[in-house]
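S.K.: Shown below is the structure under consideration.
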Amino acid sequence: MRVLWEKEVSTDDIVVSPRPIWKCRACPMYGKRPSCPPHVPDWREARDWVSSFKRALLIKFEIDYNNFEAEKRKAILYLLKREEELFKEGKMYAMALFPGSCNLCDDCPFEQGEPCRMPTKVRPSIDAIGIEIGQLVRIDFSESVLYGMVLIE
């Protein structure tokens, strides 16, 4: 995993709608991870929440799709680190958003109906709360990339 870029965006440019959540329903992880619907705020609540921020940090990660789960885990850990750094800079409500379902654990106990091992680290995925990432970046499906976000203030 390699960070290609980080850029600040205005939350006025972030579109939140039900469309990404409908795509989530086709995912095999739907309902299985705590970062996925229906375990996250619905898109209406998320729209209000996102609008309470002024800025967000959008991060583009280059990954090796042959090692997808490990690469995504590195991206998630990077997002959590950036969230912590921003918090230490005084951005009290900084909050990371994952690129897809959480995969912090190799074997997710939540999938088996057990409590999450890392409830203080799990964050919703961008799609799960209805953020239309394609409204912020031009999606090129030939690239091996993931996008993450940290809401800042």
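The values are calculated or read from the model by the stated rules, or taken from the named source; none is laboratory data. This structure is a prediction, so every number in the text was calculated from the model and none was measured. Methodologically, a virtual Cβ is constructed for each residue, glycine included, from the backbone with ideal geometry; neighbour enumeration extends over all protein chains shown.
S.K.: Would you call E8 at pLDDT 95 or above, outside any loop (DSSP other than H, G, I, E, B) and within 20 Å of I139 (Cα to Cα)?
M.R.: On the way: at pLDDT 95 or above: yes; outside any loop (DSSP other than H, G, I, E, B): yes; within 20 Å of I139 (Cα to Cα): yes.
Against the criterion (at pLDDT 95 or above, outside any loop (DSSP other than H, G, I, E, B) and within 20 Å of I139 (Cα to Cα)), E8 qualifies.
S.K.: I139 is checked against (1) touching a Leu at 6+ places or on another chain (Cβ under 7 Å); (2) modelled with pLDDT under 95 and fails just one. What number does that condition carry?
M.R.: Here I139 meets the rest and fails (1).
S.K.: Determine whether E114 is more than 17 Å from M29 (Cβ to Cβ), assigned to a loop (DSSP other than H, G, I, E, B) and out of contact with any Ser or Thr (no Cβ under 8 Å at 6 or more places or on another chain).
M.R.: no
S.K.: Please go through region 130-145 and pick out each residue that is of a type in the set (A, V, I, L, M, F, W, C) and part of a loop (DSSP other than H, G, I, E, B). Give the derivation first.
M.R.: Step one: of region 130-145, the residues of a type in the set (A, V, I, L, M, F, W, C) are 131, 133, 136-137, 139, 141, 145.
Scanning region 130-145 gives L136, V137, I139, F141.
S.K.: Tell me the residue from K91, K121 that is in a loop (DSSP other than H, G, I, E, B) and within 13 Å of L57 (Cβ to Cβ), please.
M.R.: K91
S.K.: May I pose another question? Restricting to region 42-75, what's the tally of residues that are among the hydrophobic types (A, V, I, L, M, F, W, C) and either closer than 15 Å to G100 by Cβ or in a strand (DSSP E or B) (or both)?
M.R.: Here the count works out to 9.
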